[in-house]
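What follows is a set of notes on a single structure, which appears directly below.
The values are calculated or read from the model by the stated rules, or taken from the named source; none is laboratory data. This structure is a prediction, so every number in the text was calculated from the model and none was measured. Backbone-built Cβ (ideal geometry, glycine too); neighbour counts: all protein chains shown.
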Amino acid sequence: MNKAITDGLLLTPAAFAQGLDVYSSGDGTAGSDTYANAINAAFIPADQDFGGALELIKTQSTQKLRYMGQTPLLPGCYLRITARVKAISGNLPSVRIAGYPALGNGSRAGGLVEVGPAVQLASYGEVVEVSAIVGSGLRGGVDMVWGNAPVYGHFGLDLTGQNGGVVRIDDLQIEDVTGVFLRDMLAQVDVRDYGAVGDGSTDDTAAFVAANADAQGRSVLIPRGTYLLNGGVTFDAPTRFEGTVTMPASAILLLRRNFDLPNYIEAFGNEEIAFRKAFQALLNNADHESLDLGGRKVNVTGPIDMQAATPERSSYATRRVIRNGQLEAATNGDWDTVTVTSQASYSPSDARKLTNVVNVANVPVGALITGNGVGREIYVRAKNVATQEITLNAPLYDAAGTQNFTFARFQYLLDFSNYSQLSKFVLDDIEFQCNNVASAINLAPSGTIFHVRDCFISRPKDRGITSIGGGCQGMFVDRCQFLSAEDALDVPDRTTIAINCNANDVKIRDNRATRFRHFALLAGQNNIVTGNHFFQGDTVKNGVRSAGLILAAQHTASVVSGNYIDNCFVEWTNEQDPAPEYSSEYSFSSLSISGNIFLSGEVAPWFSYIVIKPHGAGHVINGLTINDNRFRSINGFIDRVERIDTSFADMDFSRMRNIEMTGNSFHGISNPVSNPVQVEHTESSLAKTWVVDIADRFPFGGWAIAVDSITMDGPVRDGSNVAQYSVPYVLTDQGTERDLLHLVWSTSVKGSIFMQARMDKR
């Protein structure tokens, strides 16, 4: 039989717009109740998905909807009944196609299956299509086998499950699908019918393309077998993979109707390969902005070179997202760090180059560089084998000359470093399970707006997020958990770092990091670090602590606000300056540290929460705000909350500018400090010069170089106990420690004053 049998017959029921008096709440037989004027049914003329639609409230255990027209059933004819339904509110029902098999006299033909497979509605507003096939023969895909006794049917659908739900139903469709049973298929085409062999060696590309072209809304079946596709294939129709495909790296498989990782796993039979091919399709498909991992875990046996997965692209700058899954490093995978030691020369005049690099071809791009005079988180951004040169992500502070450098290339679950540029890329809700054998994410050498959000980076071996160049420009890291593999180690033994950035405008917000060597090193400017909790303590009494946040730009122009900085400190350094001595520059400037919680326990007394570490002489602080923070040391006092690390050089205290440190609280701190500082001084004996000792009350051991105000606390009296009304002048930065102020009066007097003194000039 074929469609010619039913040509001229009315199969599709009347549209709901024509009236609900032909739609029954019973079996659809003559005289049964209709939905015309029913209180639980209404016609909706302008639904955004359906146009005209029936809105129905489920009030019965099985809410029936049947077309009262008599749909003819002919021997050898197969009809497919289709309904599109979406839930609007209330309880979510199940939906199934159903029918009434009628004999010639209108009575029910007994003993027949009258319902199709049920589909549970899972969310509001999602359009769900249900269908069932009714026919005379027991054929594959026929849901209701009625034989030849019924001569017509009343068709529609059932809503089952809890009452109270509101659904909308599109006009019912009934179509003759007899033709598909000529190939024993249900609404699908089989790639074998178009010449596919599936032996793993015959190129089946043309067959796949032809099957897709002929599907026209039907699904495409890929039966058992291994299908070689040497060219790209795009499926516009839904696919069902029973077999698998193999493809060269350059060929793209695009599943437009099934674009998620689970379907790619079905297609390739290997999670890791499927992830690579799905990512390739993501970057070569305008129809989808995101790749849903479907909650699946991908077992990764070695670093995934993301650019190698897309050999047709060396850069990408359109927003794309990978979300919702887990990448787990196989503990027996290929994760060994590649370490090379090579001689090279460095000149501060060409600050981002190593020259005359011996065996430069063996030095991996993306390797961490260590050596004398090399700061932290210095990486190989690029190399030129012909000229024996290496391009660095940042300058070196004291490496002039020739020496041996060590290059260590860590291995990452996702490695984007072989892209020349990658922008607007998002990793969302992914767990990177590094298992202490792999690092997590390596960024491209350039690009903007890389975004990592709501992710877990668990137990990285070396690094969480690494930037080997400028691919961190404008990067966002939001609401992520960084879980160290070094929790059990004492602080000096830890080596892992959660984040490093080299470029500007980085936002690190609302993250949590546990017991890394460092939480983050930010070498660019205009950073915002807010709402994070990073902690790095251990169980050693009077133990040392490492920096949690490192700011490696002198003019940092950054904000550190609202963080919980736990058993670590903020370090401000110029270790990426090729000429670290002061030379008419902004120097250490433009930093705000406000509203943070600083906490430490059982630390050495010399521990401090804010440390400035100049790598060259002559530097000053030129714009620093430390306001409204909570400083607390438990199980032992610390000397002060701030200090200058003079391992390389001290600072010039005579030229400090624009320092504000007020409104902070100090608990367990021996020397609370502020700037300006409020001083109360009483001179009980007559003196022409009053010596006011600031006594280490300025931050960073600053000098007393300015006075904002002097207020008399009562009269100042001479030797005759007569009040004097003269005003003293002030001599600043007196004494060997420069922390004394001299108030010089016109005559010897005694009394009390209040003074506001500063370590800086505005």
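What to note about this one:
- Hits in the range 535-548 - residues which are in contact with a Ser or Thr (Cβ under 8 Å, 6 or more places away or on another chain) and free of Cβ contacts under 8 Å to residues at least 60 places away in the same chain: F535, Q536
- Of all residues in the range 370-394, those satisfying the criterion of being part of a loop (DSSP other than H, G, I, E, B) and surrounded by 22 or more Cβ atoms within 10 Å (Cβ to Cβ) are V374, G375, E377, I378, N393, A394.
- Qualifying residues in the range 446-472 (those that are more than 17 Å from T496 (Cβ to Cβ) and of a type in the set (D, E, K, R)) - the one nearest to the chain's Cα centre (by Cα): R453
- Looking only at residues of the range 140-181 that are small (G, A, S) and either in a strand (DSSP E or B) or modelled with pLDDT of 90 or more (or both), we find that the one that is surrounded by the fewest Cβ atoms within 10 Å (Cβ to Cβ) is G164.
- Being among the small types (G, A, S), within 25 Å of F241 (Cβ to Cβ) and assigned by TED's automatic domain parsing to the domain that holds K86 holds for only one residue in S123, S136, S131, and it is S131.
- Test: residue in the range 614-629 that is charged (D, E, K, R), at pLDDT 95 or above and not in a loop (DSSP other than H, G, I, E, B): no
- Sole exception among (1) surrounded by fewer than 18 Cβ atoms within 10 Å (Cβ to Cβ); (2) over 16 Å from N258 (Cα atoms); (3) not aliphatic (A, V, I, L, M) for G198, by number: (1)
- Qualifying residue in the range 650-660 (condition: modelled with pLDDT of 95 or more, over 49 Å from the mean Cα position of the chain (by Cα) and either of a type in the set (A, V, I, L, M) or assigned to a loop (DSSP other than H, G, I, E, B) (or both)): no
- A309 closer than 22 Å to I468 by Cβ and not in a strand (DSSP E or B): yes
- Residue list for the range 691-714, restricted to those being more than 30 Å from V641 (Cα to Cα) and either surrounded by 14 or more Cβ atoms within 10 Å (Cβ to Cβ) or β-branched (V, I, T) (or both): M712
- Qualifying residue in the range 67-77 (condition: of a type in the set (A, V, I, L, M), in contact with a helix residue (DSSP H, G or I) (Cβ under 7 Å, 6 or more places away or on another chain), modelled with pLDDT under 95 and within 29 Å of G147 (Cβ to Cβ)): yes
- Sole exception among (1) on the phi > 0 side of the Ramachandran plot; (2) crowded, with 20+ Cβ neighbours inside 10 Å; (3) not β-branched (V, I, T) for A87, by number: (1)
- E114 being in the same structural domain as D49 (by TED's automatic domain parsing), more than 47 Å from the chain's Cα centre (by Cα) and at pLDDT 95 or above: yes
- Hits in the range 90-111 - residues which are surrounded by 15 or more Cβ atoms within 10 Å (Cβ to Cβ) and either within 49 Å of the chain's Cα centre (by Cα) or on the phi > 0 side of the Ramachandran plot (or both): G90, L92, P93, S94, V95, R96, I97, A98
- I252, sole failed condition from (1) within 23 Å of G198 (Cα to Cα); (2) crowded, with 20+ Cβ neighbours inside 10 Å; (3) touching a helix residue (DSSP H, G or I) at 6+ places or on another chain (Cβ under 7 Å): (2)
- Filter result (surrounded by 24 or more Cβ atoms within 10 Å (Cβ to Cβ) and closer than 15 Å to R409 by Cα) within the range 446-461: P460
- Residues within the range 510-524 that are under 17 Å from the mean Cα position of the chain (by Cα) and either buried (at least 19 other Cβ atoms within 10 Å of the Cβ) or among the polar types (S, T, N, Q) (or both), tallied: 4
- Pair list, Cβ < 9 Å and 6+ apart or interchain, from the range 82-106 residues that are in a loop (DSSP other than H, G, I, E, B) to residues that are buried (at least 18 other Cβ atoms within 10 Å of the Cβ) and basic (K, R): G90/K58; N91/K58; P93/K58
- The one condition from (1) of a type outside the set (K, R); (2) surrounded by 14 or more Cβ atoms within 10 Å (Cβ to Cβ); (3) part of a strand (DSSP E or B); (4) touching a residue at least 40 places away in the same chain (Cβ under 8 Å) that S685 does not meet is (2).
- Taken residue by residue, the range 323-345 has at least one member that is over 18 Å from G366 (Cβ atoms), of a type in the set (S, T, Y) and assigned to a strand (DSSP E or B).
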